[in-house]
Amino acid sequence: MAQPSKESQINLALQAIQTDPKLSSRRAVKIFNVPLSTLLNRMKGKRARQDTHSASSQLTKLEEDAIVKYVIDLDSRGFAPRLNDVEDMANNILAARDALHVGTH
């Protein structure tokens with residue numbers, strides 16, 4: 001039988017604590033085999049690392065995905081994607097919404 005992921009175990013522990021007010025966080029840690037510090041951080045509202053998007057990133061996840069698709073498409077057709085072409089594409093996307101260009105500011 002497949003092992004549940006750590007993230008799903010943390011979510012189950014959070015749900016159990018919310019459902020049963022008598023269940024302590026320390027008891028939930030033992031039942032669901034998750035780190036206490038992680039559970040306490042999630043109870044305070046901290047999001048999972050994979051659910052966050054860097055605050056320093058200028059592009060949205062959707063915009064980044066579009067650029068990745070573009071690079072993969074170029075590569076699959078035998079064209080080597082050049083860094084300045086990718087940078088130009090990112091700058092065009094940012095210019096469309098009046099944001100700063102990529103690079104050092």
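Given contacts defined as C-alpha pairs under 8 Å and at least six residues apart, what's the relative contact order of segment 6-51, whole-number percent?
36
To the nearest 10 degrees, how steeply does helix 61-76 sit against the main Cα axis of the chain, on a 0 to 90 scale?
The helix 61-76 is inclined about 50 degrees to the chain.
Under 28 Å between C-alpha atoms is the cut-off here; go through the chain and count lysine pairs that meet it, provided they're at least eight residues apart or on different chains.
13
Where nothing but the Cβ of Lys and Arg (+1) and of Asp and Glu (-1) is charged, how large is the charge dipole of segment 54-105 around its Cα centre, in debye to the nearest 20?
With only Lys, Arg, Asp and Glu charged at Cβ, the dipole is about 40 debye.
Taking only the alpha-carbon positions of segment 6-51 and ignoring solvent, what does the Debye formula give for the base-10 log of I(q)/I(0) at q = 0.24 Å⁻¹?
One equal scatterer on each Cα of segment 6-51 leads to -0.79.
Rule-based calculations on the coordinates, nothing more; no lab input. Note that the structure is a prediction, hence the values are computed from the model and not measured. Don't worry about glycine lacking a Cβ; one is built from the backbone with ideal geometry, like all the others, and counts go over all protein chains shown.
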